[in-house]
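Structure first, then comments.
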Amino acid sequence: MIDSDIGEQEKSLGDCIIRISEVNKTFPGGIRALDNFSCKVKEREVVVVIGPSGSGKSTLLRCLNGLEKIDSGSVVIDNIPLDLNPNHRLKIRQEVGMVFQSFNLFPHMTVSENINLAQRLVRKKTKKEAMQTTMSLLEKVGMPEKAASYPSHLSGGQQQRVAIARALAMMPKVMLFDEATSALDPEMIGEVLGVMKNLAREGMTMIVVTHEMGFAREVGDRVIFMEEGKIIEGGSAEHFFTNPRFDRTKSFLSKIL
């Protein structure tokens, strides 16, 4: 495995906030999604993860927020171990927001109700406090006029921006994006990437699984290339795209660029 922490960073990064050490995850049938996977992520760093289908990218994100249990190894986020302690797992899920390919909005709730829900139930905010946060976040994602709309009245890009606002409403320290634009029509991809770029500029720690290489070049502090549950190569975005070291990386990039 190649050291995934190489590469000079252009912006000032903080202390290490995510530590993944020798994590293994095997699914029924002997499919090994993560193979002694190790990586560190610093505060305010944007790490873009790319690789072929089935390389373990999505499994990695799902393990980081506790949706999948790891078989062995360790995950520590903001000094909290992701172990069998239910309080630890709850705390990490509050501090790690995740945006999926599918929007997963409640169709019977308005936009504001979708964003308010977890604030009321988990963060125990009053209705007024939750609504203030919701409207601020809808401003951030460029949709304040859609607060009373239902998901069925929104475009795919708008629904994904609501999903991002909903994740941000929990005030996470880390955001995970699992191919957040892959289900969108081409003309809607830019509006979602624009929100993600703004989050990166504001200093949000992000791990982004994506096929959008333009985003990776522009926003990523570091790019890692995964295959068969391992990191094949990693480095700064500039180094990765202009001077990859390994033939497998070069072959992959030649097919997608």
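The values are calculated or read from the model by the stated rules, or taken from the named source; none is laboratory data. Every value quoted in this text rests on a predicted model; they were computed, and no experiment measured them. Glycine gets a Cβ as well: all are built from the backbone with ideal geometry, and neighbour counts include every protein chain shown. Surface areas here come from the heavy atoms of the whole protein model, side chains and all, with no ligands, DNA or RNA. Shrake-Rupley method; radii C 1.70, N 1.55, O 1.52, S 1.80 Å.
Tell me which lysines have Cα within less than 16 Å of Lys230's Cα, excluding those fewer than 8 residues away on the same chain?
Output for Lys230: Lys25, Lys40, Lys57.
Which is the longest run of the chain containing none of the trypsin sites (Lys or Arg not before Pro) found in DSSP loop states (not H, G, I, E, B) with at most 15 other C-beta atoms within 10 Å? Don't skip to the end; give the middle numbers.
Details: sites that count: Lys11, Lys69, Arg123, Lys124, Arg245.
The longest such stretch corresponds to 125-244.
Where nothing but the Cβ of Lys and Arg (+1) and of Asp and Glu (-1) is charged, how large is the charge dipole of region 73-161 around its Cα centre, in debye to the nearest 20?
Values: 12 positive and 7 negative charges, 53 e Å.
That gives region 73-161 a dipole magnitude of about 260 debye.
Hey, can you grab everything whose amide H is under 5 Å from the amide H of Val99? Only 5+ residues off in sequence or another chain; H modelled, so Pro and N-termini drop out.
Excluding prolines and chain starts, which carry no amide H, the hits are Leu176, Phe177, Asp178.
Given 0.36 nm per residue, what is the gain on full extension from Asp15 to Leu90 after removing their alpha carbon distance, in nm?
24.7 nm
If you place +1 on the Cβ of every Lys and Arg and -1 on the Cβ of every Asp and Glu, how big does the dipole about the Cα centre of region 155-257 come out, in debye to the nearest 20? Don't skip to the answer; put the middle values down first.
On the way: 12 positive and 14 negative charges, 49 e Å.
Roughly 240 debye for region 155-257.
Could you give me the ³J(HN,Hα) list for region 65-79, computed from phi with Karplus coefficients 6.51, -1.76, 1.60 and θ = phi - 60°, whole Hz, x at Gly and Pro?
Whole-Hz 3J(HN,Hα) from phi for region 65-79: 10, x, 6, 10, 8, 7, 7, 7, x, 8, 10, 10, 10, 6, 6.
Is the chain rounded, prolate or oblate when judged by the Cα gyration tensor, a ≥ b ≥ c being the square roots of its eigenvalues, rounded requiring a/c under 1.5 and prolate requiring a/b larger than b/c?
Numbers: a/c = 1.77, a/b = 1.40, b/c = 1.26.
The shape class here is prolate.
For region 98-257, build the charge dipole from Cβ charges (+1 Lys, Arg; -1 Asp, Glu) around the Cα centre, then report which of Ile207, Pro172, Met196 sits farthest towards its positive end.
So the residue furthest toward the plus end is Pro172.
I'd like the antiparallel share, as a percent to the nearest 5, of DSSP beta bridges with both residues in the chain.
Working: 20 of 37 bridges.
If we restrict to bridges inside the chain, about 55 percent are antiparallel.
Measuring from label point to label point, each 7 Å out along Cα→Cβ, what is the His153 to Gln132 span in nm?
Spacing of the two 7 Å Cα→Cβ label points: 2.7 nm.
For the chain, with only Lys/Arg (+1) and Asp/Glu (-1) charged at the beta-carbon, what is the dipole magnitude about the Cα centre, in debye rounded to 20? Working shown, then result.
On the way: 33 positive and 32 negative charges, 175 e Å.
Dipole magnitude for the chain comes out near 840 debye.
At 1.4 Å probe radius, can you tell me the per residue accessible area of region 99-144 in Å²? Let's see the in-between values first.
Values: 2570 Å² over 46 residues.
About 56 Å² of surface per residue is accessible.
Carbon-plus-sulfur fraction of the accessible area of region 1-160, 1.4 Å probe, in percent? The partial results should precede the final answer.
Working: 4140 of 8160 Å².
Taking all protein chains in place, region 1-160 shows 51 percent carbon and sulfur surface.
In terms of Cα to Cα distance under 16 Å, which lysines are near enough to Lys140, apart from those fewer than 8 places away along the same chain?
The reachable lysines, counting only those whose Cα sits under 16 Å from Lys140, are Lys197.
Please identify which residues in region 28-61 have an amide N closer than 11 Å to a label point set 7 Å out from the Cα of Gln101, following the Cα→Cβ vector.
The answer is 53-54, 58, whose backbone nitrogens lie closer than 11 Å to the label point.
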